[in-house]
Amino acid sequence: MKLLLIEDDVETATYVAKGFCDLGHTVDVAADGREGLYLCTNETYEVVIVDRRLPFLDGLSLVKAVRAAGIRTPILFLTTVDGVDDRVEGLEAGGDDYLVKPFAFSELAARVNALFRRPPLGGEQTVLQVADLKMDLIRRKVTRRGQPIELLPREFRLLEFLMRNAEQVVTRTMLLERVWDFHFDPKTNVVETHISRLRAKVDKPFDEELIHTVHRAGYRLHAPH
């Protein structure tokens, strides 16, 4: 496995890099956010580990830039910023997992391995279509009736999950786990907020709604017949 570690603390970077190298992995280390962003966008990695507090470019802005560039490499935040709102913010920015310092290397290695093993939402299929809504997973493009729809990375992932489960009810818990990688309830309205934003882009400009709320159950992407 080829990893990128973006960490400005020399002691932590040395400890983590040595641990993964001892397991037989290759590790590139960047000491600041600008270098980390350059490597993320010019090299290919299986997993990226990033601190939030970095010189020149903070980890949150770095991850947002990576996702805006269409790069879907799994990213794990490794940081001392440990509030629930901070975790939500990190995952909202495009992170796939969040581990707080101090940490056990064994847990870090297990989480990295889990991210590496996790199948991408894309699978083998490269184009999804429900009614007149089409998603191109390679080009990262969404259209409805041929009209382009601009989505943020998390909105894209949310819509992808809904389209893969079209005509089925998906619960809030399912969305938290599969789209945000939360295995706990963050006690926020993050799902509802993103569904609302998605509806404004996917449904509002058109005369037929595709995204439906199922009372006390969740949501369903339903194609009108």
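The values are calculated or read from the model by the stated rules, or taken from the named source; none is laboratory data. Only a predicted model underlies this, so the values are computations on that prediction, with no experimental measurement involved. Note: ideal-geometry Cβ built from the backbone for every residue, glycine included; neighbour counts use all protein chains shown. Note: areas computed on protein heavy atoms with side chains; ligands, DNA, RNA excluded. Shrake-Rupley method; radii C 1.70, N 1.55, O 1.52, S 1.80 Å.
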Probe radius 1.4 Å, ligands and nucleic acids ignored: give me the carbon and sulfur share of the accessible area of the chain as a rounded percent. 51 percent
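Under a 1.4 angstrom probe, counting protein chains only, how are His183, His194 ranked by accessible area, largest first?
Values: His183 145, His194 10 Å².
Result of the area sort, largest leading: His183, His194.
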For Lys201, which lysines qualify as cross-link partners when the Cα separation must be under 17 Å and same-chain residues fewer than eight apart are set aside? Lys134, Lys141
In terms of Cα to Cα distance under 23 Å, which lysines are near enough to Lys2, apart from those fewer than 8 places away along the same chain? Lys18, Lys64, Lys101
P(r) of the chain over all Cα-Cα pairs, binned every 10 Å from zero, in whole percent: 7, 32, 33, 19, 8, 1, 0
So how compact is segment 1-91: Cα radius of gyration and Dmax in angstrom? 12.3, 35
State the Kirkwood hydrodynamic radius of segment 69-149 in Å, one decimal place, computed from all pairs of distinct Cα atoms. 15.1 Å
One finds, for Val127 and Lys2 with R0 = 22 angstrom and r their Cβ-Cβ distance, a FRET efficiency to the nearest 0.05 of 0.15
Once you list every other residue whose beta carbon is under 12 Å from the beta carbon of Thr213, what net charge do they have if Lys and Arg are +1 and Asp and Glu are -1? +1
Lys, Arg +1 and Asp, Glu -1 on Cβ, resulting dipole of the chain about Cα centre, debye, nearest 20: 820 debye
Please tell me the relative contact order of segment 73-191 in percent, rounded to the nearest whole number, where contacts are Cα pairs under 8 Å and at least six residues apart. 20 percent
Using +1 at the Cβ of each Lys and Arg and -1 at the Cβ of each Asp and Glu in the chain, identify which of Phe20, Val47, Thr193 lies farthest towards the dipole's positive end. Thr193
